[in-house]
Amino acid sequence: MGTLKLSLRDNGVWYAVGTINGRKINHSSGYSKPDKKAAREWLLRHELELLSVGPHDMDSKKFKHLVDLYVLSQPAMSDKEYRQIKIVIKHLGDTSIKRVRTNLDEYISVRHAGNLENTIERDVNSRIGTIINYGHSRKMCGAFEASVKHVDDTRSVYLAKELRSKYLASWEGEGKDFTTVLLFQGLRFSQAAKLKGSDIMEGVLKTYTQKGPKKIYREVWLDIHPVVQVIVDSRVARYGRDNLLFPDIEYDKYRYQHKNICVGLGIPHYRIHDNRTTFATHFSHDALASDREVAAALSQRTNRNVPRYAQNREMKALIGKLT
């Protein structure tokens, strides 16, 4: 049999450690030091889970059973990920775990009809595969064999200066002001839409960004581009410090206008989020900003994703040396 106990590691996270059925256990609870009570509750569930099954005992059971155990083990799961998992359950919940882990052809043809390869890969490998690997690591089921080919989904879509000017000139009124903020400040749509007058100061603005999977938001202070400063100052004077600066901006309506403008300019695949790439690319190319500076301007804590936003910097430097 065996038993488990909580152990606080150097990284500040509680772990379940001990031996179950002769097998050494060293599993992260996902809870930090202040959450000891929640970690204890998780430990009890986790111990019962490990004691309830033997090697590959669950292969013939319904996939929903494994999903339920996986969700219980992920207390910090985001609402978005939980919604996606519910869709997976809708399609595969009554299918045996063995079938799910070995063949997902029918699921892909139905669930992902018309979807891009990178969307399929994220769902199959990163979501379903993670759930199967969770069961396999605990000897509940066999290994995941239905993975799909890796697809590099790094986008290299951004607007050169001339096209950026045409794109911006196609907007009017509040939409034009809002788009200017996206292009010259690099904010996400949600960050810009939530700006209030109280978030604006001389030379800096306050925004929020998600920290980790627990959806804990942290404040970020960003230097304001001079063009953006003029716009937000004007809107603060108009709407006051306690109200939204862009009260009439609504995503679906904005997306519809954005799509029509892009079709007219011959760039139908340019997305709203690509404005962030346009900002980062020009910040890197024209201002010669370092990776750390680009990451800070994008309100990111590490440089890891900078190459996904600041496009083709190295290539541009190499071509410039060509004789």
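The values are calculated or read from the model by the stated rules, or taken from the named source; none is laboratory data. The model shown is predicted, which means the values in this text are computed figures rather than measured ones. Heads up, the Cβs are rebuilt from the backbone with ideal geometry, glycines too, and the neighbour counts pull from every protein chain shown. For the accessible areas, the whole protein counts, side chains as well, though only heavy atoms, and no ligand, DNA or RNA atoms are used. Shrake-Rupley method; radii C 1.70, N 1.55, O 1.52, S 1.80 Å.
Remarks
- Exposed GluC sites (Glu not before Pro) absent - longest run of the chain, DSSP non-H/G/I/E/B, at most 16 other C-beta within 10 Å: 1-144
- Here region 160-177 is scanned for amide nitrogen atoms under 12 Å from the site 7 Å beyond the Cα of residue 239 along Cα-to-Cβ, giving 174-175, 177.
- Debye, to nearest 20: dipole size of the chain, +1 on Lys, Arg Cβ, -1 on Asp, Glu Cβ: 780 debye
- Remark: for residue pairs 64/90; 86/194; 64/98, the C-alpha separation exceeds 20 Å in 86/194.
- In the chain, one over the average inverse separation of all distinct C-alpha pairs is 23.2 Å, which is the Kirkwood hydrodynamic radius.
- Residue-normalised accessible area of region 1-136, given per residue in Å² at a 1.4 Å probe: 57 Å²
- Accessible heavy-atom area order of 278, 95, highest first, probe of 1.4 Å: 95, 278
- Spatially proximal aspartates and glutamates relative to residue 139 (Cα-Cα < 19 Å; intrachain offsets below 8 disregarded): 47, 49, 57, 59, 68
- Rolling a 1.4 Å probe across all protein chains gives residue 309 an accessible area of roughly 40 Å².
- Carbon + sulfur, % of accessible area of the chain - ligands and nucleic acids excluded, 1.4 Å: 51 percent
- Relative contact order for the chain: 13 percent, from Cα pairs under 8 Å spaced at least 6 residues apart, divided by residue count.
- Each principal axis of the Cα atoms in region 233-274 has its own extent, and those three values, largest first, are 38, 18, 16 angstrom.
- The simple spin-label model puts a point 7 Å past each Cα toward its Cβ; for residue 204 and residue 169 those points are separated by 3.7 nm.
- Gain in span if fully extended, residue 196 to residue 256, counting 0.36 nm per residue against the direct Cα distance: 19.2 nm
- Distance (nanometres) between label positions extended 7 Å along Cα→Cβ at residue 57 and residue 292: 5.3 nm
- Averaging 1/r over each pair of different alpha-carbon atoms in region 1-150 and inverting the result gives 16.4 Å, the Kirkwood hydrodynamic radius.
- Size descriptors for region 120-261: radius of gyration and Dmax over Cα atoms are 20.8, 63 Å.
- Listed residue (103, 87, 34) projecting farthest to the positive dipole end of region 1-106, Cβ model: 34
- Aspartates and glutamates with Cα under 15 Å of residue 253, excluding same-chain neighbours fewer than 8 positions away: 172, 174
- The long axis of helix 36-52 is offset from the longest Cα principal axis of the chain by roughly 50 degrees.
- Extension reserve of the residue 272-residue 248 stretch, reckoned as 0.36 nm per residue once the Cα distance is removed: 6.9 nm
- Where 79, 291, 274 fall by accessible area, highest first, once all protein chains stay in place (1.4 Å): 79, 291, 274
- Computed over the Cα atoms of region 1-42, the ratio of the radius of gyration to the Kirkwood radius (Rg/Rh) comes to 0.99.
- For residue 263 and residue 301, a Förster radius of 41 Å and the Cβ-Cβ distance give a FRET efficiency of 0.70, rounded to the nearest 0.05.
- Heavy-atom accessible area with a 1.4 Å probe sorts 230, 204, 220, largest first, into 230, 204, 220.
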